[in-house]
Amino acid sequence: MISKFFKKLVSVHKTKIYKRIRFFNIQCTIWKYHYMIREIYRYQNFQKLSQKFKNCGISLPFEASVLIDDAEIVHVPLKDLRREWDGKLYDLTECSPFKYLQTKDKNIYENYIQKHIDRGLLPADADKSTSKFDALIKSMDETGYDPSKCVIVLRRDNVLLDGQHRACILLNKYGGDYKITAIREKQFR
């Protein structure tokens, strides 16, 4: 009872950019300016990159907004791509989406989704079924991989930022030597 009363008097709402504290009916907002500046820079850079690649016929997904530095279009063999999980790098053949493609064991994919839910990377009510992934597989079987619609995004070291499922489907279908078109942070030379 006391905790309900206390919650009505005091509340805290946090985002990456600000923290809003309400005490009785007085609100105080604490802004995180350094984070705001970084996010504004990231958004402006994303807009610039989007326009650059739109001229090349490629549409960037919002996940590409993590590319702070300039990016380039590359053609990379699938065997060179990696996936990062818990600070470790894994080959695509070790990833759950690829294992599901090989075995069609739905438990592998459901456990993969559950791990993402447990870490807060997906909402608690996320669909654990394979239906969305199966729809992507079917779509890519019919139309292939079209980077102009949704491109795979890589870090400088060929670690996937976006497009793991598409890369796994292509690896399963064509093998490791198949080269894909991707967007990658420019290499330092």
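The values are calculated or read from the model by the stated rules, or taken from the named source; none is laboratory data. Just so we're clear, the structure is a prediction, and the values are computed from it rather than from any experiment. Positions of Cβ are generated from backbone atoms using ideal geometry, with glycine treated the same way; all protein chains shown enter the neighbour counts.
Residue check: LEU60 meets all listed conditions (1) at pLDDT below 70; (2) more than 19 Å from the chain's Cα centre (by Cα); (3) under 23 Å from ILE137 (Cα atoms) but one, namely (2). Considering only residues in segment 116-130 that are closer than 19 Å to GLU84 by Cβ and surrounded by fewer than 13 Cβ atoms within 10 Å (Cβ to Cβ), the one that is modelled with the highest pLDDT turns out to be ASP118. Please determine, by comparing only the residues of segment 143-166 that are closer than 24 Å to LEU89 by Cα and of a type in the set (S, T, N, Q), which one is surrounded by the most Cβ atoms within 10 Å (Cβ to Cβ). If we take residues in segment 143-166 being closer than 24 Å to LEU89 by Cα and of a type in the set (S, T, N, Q), then GLN164 is surrounded by the most Cβ atoms within 10 Å (Cβ to Cβ). Looking at this structure, is GLN102 in a helix (DSSP H, G or I), surrounded by fewer than 16 Cβ atoms within 10 Å (Cβ to Cβ) and more than 19 Å from the chain's Cα centre (by Cα)? Yes; evaluated as a whole, the condition is true for this residue. Do we find a residue being aliphatic (A, V, I, L, M), more than 28 Å from ILE58 (Cβ to Cβ) and out of contact with any Cys (no Cβ under 8 Å at 6 or more places or on another chain) anywhere in segment 105-114? Scanning segment 105-114 turns up at least one residue that is aliphatic (A, V, I, L, M), more than 28 Å from ILE58 (Cβ to Cβ) and out of contact with any Cys (no Cβ under 8 Å at 6 or more places or on another chain). The residues in segment 154-189 that are of a type in the set (Val, Ile, Thr), closer than 11 Å to VAL74 by Cβ and modelled with pLDDT of 85 or more can be counted, and the count is 2. Whether a residue is of a type outside the set (Asp, Glu) and either crowded, with 20+ Cβ neighbours inside 10 Å or under 12 Å from PHE98 (Cβ atoms) (or both) was assessed, and ASN172 passes this test.
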